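This report refers to the structure that appears directly beneath it.
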């Protein structure tokens, strides 16, 4: 698999997790998040897979998330680090809550699953067009 196709696949999966339909779908979240999933959120809080499965489907207003500057880094066979920048988008289109993000994805018998995710606050950045 080429770096570009791997990037396209993981970017699509990552962005799917940003969508309200996915966040509300416990079954889909179970497919995408590995049993041993762990997250260190932007706030510094730590979450397990069970925490995320309990929390996300109950969101009444999922934020609109802008993501850009995706890059993949192969860590080992079938284990990839995906990095990118994200921000929430207000109703007026302004970006806020700028964050550097990293996710570790593992390819298993059922497809790609996220094993780890971390968000770190960062300075604001300009929205890229790609």
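The values are calculated or read from the model by the stated rules, or taken from the named source; none is laboratory data. A quick note: this is a predicted structure, and the numbers were derived from the prediction, not measured. Because the Cβ atoms are built from the backbone with ideal geometry, glycine has one as well, and the counts that use them run over all protein chains shown.
Report yes if some residue within the range 23-44 is in contact with a helix residue (DSSP H, G or I) (Cβ under 8 Å, 6 or more places away or on another chain), modelled with pLDDT under 95, surrounded by 15 or more Cβ atoms within 10 Å (Cβ to Cβ) and assigned to a helix (DSSP H, G or I); otherwise report no.
Within the range 23-44, one or more residues are in contact with a helix residue (DSSP H, G or I) (Cβ under 8 Å, 6 or more places away or on another chain), modelled with pLDDT under 95, surrounded by 15 or more Cβ atoms within 10 Å (Cβ to Cβ) and assigned to a helix (DSSP H, G or I).
Return the residue satisfying two criteria in turn: it lies in the range 1-20 and is assigned to a helix (DSSP H, G or I) and touching a helix residue (DSSP H, G or I) at 6+ places or on another chain (Cβ under 8 Å), and of such residues it is nearest to residue 83 (Cα to Cα).
Once the filter is applied, the top-ranked residue is 13.
Please enumerate the residues belonging to the range 50-68 that are out of contact with any helix residue (DSSP H, G or I) (no Cβ under 8 Å at 6 or more places or on another chain), surrounded by 11 or more Cβ atoms within 10 Å (Cβ to Cβ) and either modelled with pLDDT of 95 or more or part of a helix (DSSP H, G or I) (or both).
Once the filter is applied, which keeps residues that are out of contact with any helix residue (DSSP H, G or I) (no Cβ under 8 Å at 6 or more places or on another chain), surrounded by 11 or more Cβ atoms within 10 Å (Cβ to Cβ) and either modelled with pLDDT of 95 or more or part of a helix (DSSP H, G or I) (or both), the range 50-68 yields 50, 51, 54, 55, 68.
Report, by residue number, each residue of the range 4-36 that is in contact (Cβ under 8 Å) with a residue 24 or more places away in the chain, under 12 Å from the mean Cα position of the chain (by Cα) and over 13 Å from residue 67 (Cβ atoms).
Correct list: 23, 29, 32, 33.
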